[in-house]
Structures are given as structure tokens and as C-alpha cells.
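Take a look at the structure set out below.
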Amino acid sequence: MEKLSLWNVSVQDANDIMDYLIKEKYIDNSRFARAYCHDKFEALKDVLRAKDRTLKNKDKYLRKAKLVRHLLSKRFETELVIDAADEYLSRNDL
């Protein structure tokens, strides 16, 4: 709506355009939310792998603690971080 306003589109035309975009799924909040979560989870895994490569300690619990602290410092959600760290460490037993 802000863009349409900047382009001096009338309110009625702007509403018609927005209705069309929503109807045709060009604007779709649920699709956006799914894409956002998917991208964020892919990024979390990349950061986790990169940090793990820098860790020297082989103790699984210390490794998990360092990974979790690092991911939390990158502002990932706690629940996602713990789940991802558990999954990663279980697949990559040392």
C-alpha cells in the first residue's frame, strides 16, 4: 500500500490491486512465514557446522554447551538451537 501511495494510485485502485495480489497468492503471509523459518533453520545449521569445526574438545557435553552458547549469541531461538545441537551431535558422534 505504501508503494502504491507513493505512485499516487487512488485508494480504490490500490485496494483492488491488493485484493488481486492476495487472491493470486502474490502476497501470502503463511508462505512468507514458512520460507522465513526454512531459511533461518538452514542458516542455523550452517553456523552450527562452522562453529563445530573450530572446536577442539571431544567431550560431547562441553561441545554442546559451546555450540549452544555460540548459536544463542547469534540470536537464534533457544528451542531451535537445542534441538539442532542435539540432532547434529547425535548424527556426528565423536
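The values are calculated or read from the model by the stated rules, or taken from the named source; none is laboratory data. Source: prediction; values computed, not measured. Quick reminder, even Gly has a Cβ in these numbers, built from the backbone with ideal geometry, and neighbours come from all protein chains shown. SASA here: full protein model, heavy atoms, side chains in, ligands and nucleic acids out. Shrake-Rupley method; radii C 1.70, N 1.55, O 1.52, S 1.80 Å.
Side notes on the structure shown:
- Take the conditions (1) of a type in the set (A, V, I, L, M, F, W, C); (2) open to solvent by 60 Å² or more (accessible area, probe 1.4 Å); (3) not in a loop (DSSP other than H, G, I, E, B); Val68 misses just one of them, which is (2).
- Close pairs from the stretch 19-32: first closer than 13 Å to Leu4 by Cβ, partner assigned to a helix (DSSP H, G or I), Cβ under 7 Å, at least 6 apart: Ile27/Leu21
- Residue check, Ala85 surrounded by 11 or more Cβ atoms within 10 Å (Cβ to Cβ) and either without any contact (Cβ under 8 Å) to a residue 60 or more places away in the chain or assigned to a helix (DSSP H, G or I) (or both): yes
- Listing of helices (runs of 4 or more DSSP H) fully contained in the stretch 1-62 that carry 1 or more residues being open to solvent by 60 Å² or more (accessible area, probe 1.4 Å) and farther than 23 Å from Leu80 by Cβ: 2-6, 11-23
- Sub-8 Å Cβ pairs linking a first residue in the stretch 54-67 that is closer than 17 Å to Arg91 by Cβ to a second residue that is open to solvent by 80 Å² or more (accessible area, probe 1.4 Å) and not β-branched (Val, Ile, Thr), at least 6 apart or interchain, are Leu55/Lys66; Lys58/Leu94; Lys60/Asp93; Lys60/Leu94; Arg63/Leu94, ordered by first then second residue.
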